[in-house]
Protein chains: 4
Amino acid sequence: MIVEMRTGTTPEEIDGVKQRAKSLGLSVQLNLGTNKVVVAILGSNTGQLPTDIFAVLPGVENVARIMKPYKLASREFKAENSLVSINGIEIGGKRIVVMAGPCAVESEEQLVETVRAIKRSGACILRGGAFKPRTSPFSFQGLEKAGLELLARVREQFGIPVITEVVDPHDVSLVSKYADILQVGARNMQNFALLTNIGRKKCPVVLKRGFSCTITEWLTAADYLLAEGNNQVILCERGIRTFENSTRFSLDICSIPVIKRFSHLPVIVDPSHATGHYSLVPAVAKAAVAAGADGLLIEVHPNPKEALVDGLQSLTPSDFARLMEELRSIAKAVGRYI
Amino acid sequence: MIVEMRTGTTPEEIDGVKQRAKSLGLSVQLNLGTNKVVVAILGSNTGQLPTDIFAVLPGVENVARIMKPYKLASREFKAENSLVSINGIEIGGKRIVVMAGPCAVESEEQLVETVRAIKRSGACILRGGAFKPRTSPFSFQGLEKAGLELLARVREQFGIPVITEVVDPHDVSLVSKYADILQVGARNMQNFALLTNIGRKKCPVVLKRGFSCTITEWLTAADYLLAEGNNQVILCERGIRTFENSTRFSLDICSIPVIKRFSHLPVIVDPSHATGHYSLVPAVAKAAVAAGADGLLIEVHPNPKEALVDGLQSLTPSDFARLMEELRSIAKAVGRYI
Amino acid sequence: MIVEMRTGTTPEEIDGVKQRAKSLGLSVQLNLGTNKVVVAILGSNTGQLPTDIFAVLPGVENVARIMKPYKLASREFKAENSLVSINGIEIGGKRIVVMAGPCAVESEEQLVETVRAIKRSGACILRGGAFKPRTSPFSFQGLEKAGLELLARVREQFGIPVITEVVDPHDVSLVSKYADILQVGARNMQNFALLTNIGRKKCPVVLKRGFSCTITEWLTAADYLLAEGNNQVILCERGIRTFENSTRFSLDICSIPVIKRFSHLPVIVDPSHATGHYSLVPAVAKAAVAAGADGLLIEVHPNPKEALVDGLQSLTPSDFARLMEELRSIAKAVGRYI
Amino acid sequence: MIVEMRTGTTPEEIDGVKQRAKSLGLSVQLNLGTNKVVVAILGSNTGQLPTDIFAVLPGVENVARIMKPYKLASREFKAENSLVSINGIEIGGKRIVVMAGPCAVESEEQLVETVRAIKRSGACILRGGAFKPRTSPFSFQGLEKAGLELLARVREQFGIPVITEVVDPHDVSLVSKYADILQVGARNMQNFALLTNIGRKKCPVVLKRGFSCTITEWLTAADYLLAEGNNQVILCERGIRTFENSTRFSLDICSIPVIKRFSHLPVIVDPSHATGHYSLVPAVAKAAVAAGADGLLIEVHPNPKEALVDGLQSLTPSDFARLMEELRSIAKAVGRYI
């Protein structure tokens, strides 16, 4: 941590900073510039310390971090890429893993029709929401437990792993009985009670990026899962909130290479929620694979016109089949396969 | 809802929109422009319908809402201002209610010292966090149950009402035993399981604005509380996330008059979290009162230099006393009092 | 335009809206809902009218646009893709056009070395800045006229077209003598005096997106160029400003398919300014081509360590050569070539 | 500047950083932590150096600034508040200076009526636009030179100073003949050619904040004016672009105390452009004065319903009169007057 003192600071103020550092077991080095005193605070875990500890002291102008606040998710902590394995399907390796399905589970018929279509096209994991966090209390909130049972039935029938969202810390055990991967939605990225419980469960988890959280906050949230001993963490970029209003969110394509540079965790992309419109999904899905994403999470519905939730961003089975063909070419162009 | 058809749309496509509207019990009016067909969908609750229902139909270019998606929180639903009463202290009336105290409860001594100071200066509600949602798993997470007990003890001793945060839907009953007002933090504004449980509890609640949620989403989240029959809802503006990085968040001062125009709910302001720095708190607190806020939520710590959480944004008791004097003048200037 | 009246509006207020519309030569249709009156304003150019014209009238709650405010840049105005041709190089067709070169022109040696490298790798247009708009007055501001002369000399020697930025409306004639394409930088996207002058010059122009302008504002700025009769307009996405701070800007990858849907103009991508870091440029460049961009604008410097401006985001010639190989595969995967 | 080396950096890489610093006349201090090497670069003008100079070197992970990039606008450079004097009206002192008038000059009658009204209410400077930078080429662009002449005529008749916008660098001399204060609009905050010309003219200037520029960039833009010897610089906060869409922009109220802390320049607030709606202007204007703004820039139109530009955000003379009364009370509450 770098502590910048105010111009004209006194020896007593500098001493105050030194004392505070020593009381925390940290060492201190002084940099005396022409008109600024800068104090470097050194130690192995300064990234985990709040900067306020020094910023409140008299004479301090500003405190800057050198170490990142996340630790277990960082590439410095673990140099090689992490792989997450779901029934033999490896996420984070050469294969681009496509998870597809409806936003919300509506009926067995809907699920069966969807699974047949997406398997035929090459998707290998089924997505479907049973608990739906909806902006308005007057909207359809999901089939809840009945939805989980439908997912489990289809999973058995077709031998396809299932990913579904969990929204309440106390539902983690329940949901993980029915699903192979738990999904933490964007609105829950900093629901730390939920993260801790999933961390303890040690099951595969997709951690969606909060739509106004920085990449640093996202990796620090992943630390909550990793700190409990759960290493099966997959990140999912799904768009951030910006001033642009022609799409629902703005997909942060730069986050893919940034994550690859600073973290060992696999990262997938959800082009459906980012764009909010089926006509924009293919371009963004292709961009994600070209940028180095390890997988995709795509909404597919047998009949989007009748979907209870988010029909506008769902692909039809035939649109999805066409997209998968195009994605195969892109995957090959970057040395991977689907 | 206004459905704009694509240029060159067919009679069959227009008919599809009409049929969909009728199947939902809505009426339809056609507007034929020189080169655009626009279909107006009319009914008493179109605000609660997702626009997707029409946007996915063939020939539709765009769908715009006329009605707002929130209902119970709107001034159209209830014209006169709502008042929330806590032990006889009325929020939303002529009095500016100041809630003050430390970010995190640390010890009984800390609380006692704080209460003495803030009461002397004119604050009438004590704030203090027992459950702290922290960005990093390696940070201090609050005293939890022990913190609640300290708050309750001080509440009894000094006869001052207490506000504290609840983060887990299953802790609502527990926390409401110890506190007079429950606080929903910014990161939980769209934690709908939490909102529903607090709604059912029917106790006073401060709903902080999610730091990247629009005012419309905020009022729609308030509908979750109101829909369960809890009318004691207080909104709290605490800054939104923007590109500006000289402050922790950017306080959206415009939200105060916007809320007053579109909603009947009282709204208070948290200048401490918005700015993140004690030197900026007074200016923003004064601005909030001048803009029409019904109260303030301010961090005060007897010794900010030793605070375990957010010391940099906490005022000392003497800074707070000075600010309260200034606030009294501003309150008077806008026809109110503290 | 859709004018929503306040609940409880009077016949006189509705009449006021009708009169205003008629005075502008527009027709009016009334939609009477259960508790709302909505007035549809119809006419061929309502997109170009400010909404204020109706919003200020008594009884009006809100005014929403149906027509987009841009016209000449829209696909409704011109259905087929526009092509811009520079010395036989067509932008907007099957070929992905790569423009490369240093951020700032520094010397003839630097330019010659760059051109040799980028031509060898397959780039076909040279970029280089002579006038540099710099955030600080104490930074290097470019070689100005001497820089233009260096560009022209190299252009002649190697037969490669040149793109360079113009920042002052009065320099348009000067710069267009030395360059084949004028570049309008992000900070000048709404410098309307500059746009008008370039429009009159009728020379090829790259219009960079303002870093906090919506796509709608961007296309409306393009209308300034098109309205003067200049049809050789190329759009360039270069990242928008968001809260994310691990990259200089956030590239809005969704803007590519949005532009393709709503406009006929070609669009290229600048991955160098968006990311600000050479290690992130290749992933974003590949994503852009996969998403459907018609070209790229990439910073290449023979010796980034010694660059006077933006060295951190410049590729070395060998990094650039490697990237071009990868881009060729992506281009092929989407049915195009470099 | 603080240069953080990659974990496992080599002595050669550290030496490369040292050499680069020495070649720029800077001194170097090494901080050796447990697993990080951090190099402090010291010198009197490191704030004006681009961080890229070090960031491109091998082994460098990150470079952070300690010194701010602006210099002449900083309080470190000049400790006491700057005052700008216009015909004896001092901006930056005890008096809150209110500038009011129409968005666009439309006619002599309109101006005369406006001046009478605003003078009566206590405004002391007339605002009015002759050159209007408009988003769309199809909108009214201002009366241009004829508008300037109208302003000058009214100025003479009523003895009231005039502020008006200049958009083209080559119009600076022309406009400054007719106006007492030049206004640089938000879209031109980084139009450096314009800033330089106004700097040379040494006339009073209001520098509006770019709607997506940080406070640091804003003060650095002020350095362009100051560097040419123009000390009569007034800053104007007018809202930044965020995701919130219920107002046109989000007024950054925190910027007022931030500016006061880090700069000596006076700062005023434009509540009209920030909110975009007359009903929100009073609350925001009062907040600005309470937060410490030195003045206000408010749109007033004798007949907003007939205004050619921005009628929705203009106050009527009677609304303005009422607001001025309220502002007087607020000013008094913060120890100032109007």
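The values are calculated or read from the model by the stated rules, or taken from the named source; none is laboratory data. Values in this document were obtained by computation on a predicted structure and should not be read as measured data. Reconstructed Cβ throughout: ideal geometry from the backbone, glycine too, with neighbour counts over all protein chains shown.
Selection of segment D:145-171 for residues being under 18 Å from the mean Cα position of the chain (by Cα) and β-branched (V, I, T) yields D:V162, D:I163, D:T164, D:V166, D:V167.
Do we find that A:P302 is surrounded by fewer than 22 Cβ atoms within 10 Å (Cβ to Cβ) and farther than 15 Å from A:G239 by Cβ in this structure?
Here the answer is yes, as A:P302 does meet what is asked.
Residues that are within 7 Å of chain C (Cβ to nearest Cβ), touching a helix residue (DSSP H, G or I) at 6+ places or on another chain (Cβ under 8 Å) and under 19 Å from A:T220 (Cα atoms) were ranked within segment A:253-281; the one that is surrounded by the most Cβ atoms within 10 Å (Cβ to Cβ) is A:C254.
Being more than 9 Å from chain D (Cβ to nearest Cβ) and of a type outside the set (A, V, I, L, M, F, W, C) is the filter; apply it to segment C:197-213 and report the residue that is surrounded by the most Cβ atoms within 10 Å (Cβ to Cβ). Filtering segment C:197-213 for residues that are more than 9 Å from chain D (Cβ to nearest Cβ) and of a type outside the set (A, V, I, L, M, F, W, C), the one surrounded by the most Cβ atoms within 10 Å (Cβ to Cβ) comes out as C:R209. Residue count for segment D:232-261 satisfying the condition of being more than 17 Å from D:K286 (Cα to Cα) and within 14 Å of the chain's Cα centre (by Cα): 8. Only one of the numbered conditions (1) surrounded by fewer than 20 Cβ atoms within 10 Å (Cβ to Cβ); (2) farther than 23 Å from C:R261 by Cβ; (3) within 14 Å of chain B (Cβ to nearest Cβ); (4) touching a Lys or Arg at 6+ places or on another chain (Cβ under 8 Å) is violated by C:L42, and that is (1). All of (1) within 14 Å of another protein chain (Cβ to nearest Cβ); (2) under 30 Å from D:I198 (Cα atoms) hold for C:G147 with one exception: (1).
Is at least one residue of segment A:256-272 under 25 Å from A:R328 (Cα atoms), touching a Phe, Trp or Tyr at 6+ places or on another chain (Cβ under 6 Å) and at pLDDT 95 or above? So far as segment A:256-272 goes, no, none of its residues is under 25 Å from A:R328 (Cα atoms), touching a Phe, Trp or Tyr at 6+ places or on another chain (Cβ under 6 Å) and at pLDDT 95 or above. Being surrounded by fewer than 22 Cβ atoms within 10 Å (Cβ to Cβ) and either of a type in the set (D, E) or assigned by TED's automatic domain parsing to the domain that holds C:L327 (or both) is a condition met by at least one residue of segment C:123-132. For A:L174, indicate whether it is more than 12 Å from the chain's Cα centre (by Cα), aliphatic (A, V, I, L, M), within 11 Å of chain B (Cβ to nearest Cβ) and in a helix (DSSP H, G or I). Taking the combined requirement at face value, the residue does not satisfy it. Could you tell me whether any residue of segment B:218-233 is more than 14 Å from chain A (Cβ to nearest Cβ), touching a residue at least 12 places away in the same chain (Cβ under 8 Å) and touching a Leu at 6+ places or on another chain (Cβ under 8 Å)? So far as segment B:218-233 goes, no, none of its residues is more than 14 Å from chain A (Cβ to nearest Cβ), touching a residue at least 12 places away in the same chain (Cβ under 8 Å) and touching a Leu at 6+ places or on another chain (Cβ under 8 Å). Select from segment C:62-84 the residues that are more than 21 Å from B:V39 (Cα to Cα) and either touching a strand residue (DSSP E or B) at 6+ places or on another chain (Cβ under 7 Å) or within 14 Å of chain B (Cβ to nearest Cβ) (or both) and list them in ascending order. Once the filter is applied, which keeps residues that are more than 21 Å from B:V39 (Cα to Cα) and either touching a strand residue (DSSP E or B) at 6+ places or on another chain (Cβ under 7 Å) or within 14 Å of chain B (Cβ to nearest Cβ) (or both), segment C:62-84 yields C:K71, C:A73, C:S74, C:R75, C:F77, C:K78, C:A79, C:L83, C:V84.
Exactly one residue out of B:T220, B:T216 is of a type outside the set (D, E), surrounded by fewer than 22 Cβ atoms within 10 Å (Cβ to Cβ) and closer than 27 Å to A:T214 by Cα: that is B:T216. Figure legend. Inter-residue proximity from segment C:120-140: first residues within 13 Å of another protein chain (Cβ to nearest Cβ), second residues of a type in the set (K, R), beta-carbon distance below 9 Å, spacing 6+ or different chains. Indicated pairs: C:P133/C:R187; C:S136/D:K71; C:F138/D:K71; C:S139/C:K132; C:F140/C:K132; C:F140/C:R134. C:S23: touching a Ser or Thr at 6+ places or on another chain (Cβ under 9 Å) and among the small types (G, A, S), yes or no? For C:S23, the condition - touching a Ser or Thr at 6+ places or on another chain (Cβ under 9 Å) and among the small types (G, A, S) - is not met.
D:G101 meets the stated requirement of being more than 14 Å from every other protein chain (Cβ to nearest Cβ), at pLDDT 95 or above and either touching a Ser or Thr at 6+ places or on another chain (Cβ under 7 Å) or within 21 Å of A:V39 (Cβ to Cβ) (or both). Of all residues in segment C:303-323, those that are over 23 Å from the mean Cα position of the chain (by Cα) and at pLDDT 95 or above total 8. Scanning segment D:136-179 for residues that are surrounded by fewer than 18 Cβ atoms within 10 Å (Cβ to Cβ) and among the hydroxyl-bearing types (S, T, Y) returns D:S139, D:S173. Scanning segment A:289-299 for residues being within 12 Å of another protein chain (Cβ to nearest Cβ), buried (at least 23 other Cβ atoms within 10 Å of the Cβ) and small (G, A, S) gives a total of 3.
Condition check ((1) facing chain A (nearest Cβ under 10 Å); (2) over 25 Å from C:D310 (Cα atoms); (3) out of contact with any Leu (no Cβ under 9 Å at 6 or more places or on another chain)) across all residues:
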{"residue": "D:A21", "(1), (2), (3)": "no, no, no"}
{"residue": "D:Q29", "(1), (2), (3)": "yes, yes, no"}
{"residue": "D:I86", "(1), (2), (3)": "no, yes, yes"}
{"residue": "D:I96", "(1), (2), (3)": "no, yes, no"}
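Among the numbered conditions (1) in contact with a strand residue (DSSP E or B) (Cβ under 7 Å, 6 or more places away or on another chain); (2) assigned by TED's automatic domain parsing to the domain that holds B:T216, the only one that B:G59 does not meet is (2).
Residues of segment C:233-252 that are surrounded by fewer than 24 Cβ atoms within 10 Å (Cβ to Cβ) and polar (S, T, N, Q): C:N245, C:S246, C:T247. Evaluate the following for C:K286: is it over 17 Å from C:C103 (Cα atoms), touching a helix residue (DSSP H, G or I) at 6+ places or on another chain (Cβ under 7 Å) and either more than 9 Å from chain A (Cβ to nearest Cβ) or in contact (Cβ under 8 Å) with a residue 40 or more places away in the chain (or both)? So C:K286 fits the description; yes. With respect to C:I268, determine if the residue is closer than 26 Å to C:L226 by Cα, out of contact with any strand residue (DSSP E or B) (no Cβ under 6 Å at 6 or more places or on another chain) and in contact (Cβ under 8 Å) with a residue 12 or more places away in the chain. When the stated conditions are applied, C:I268 does not pass them.
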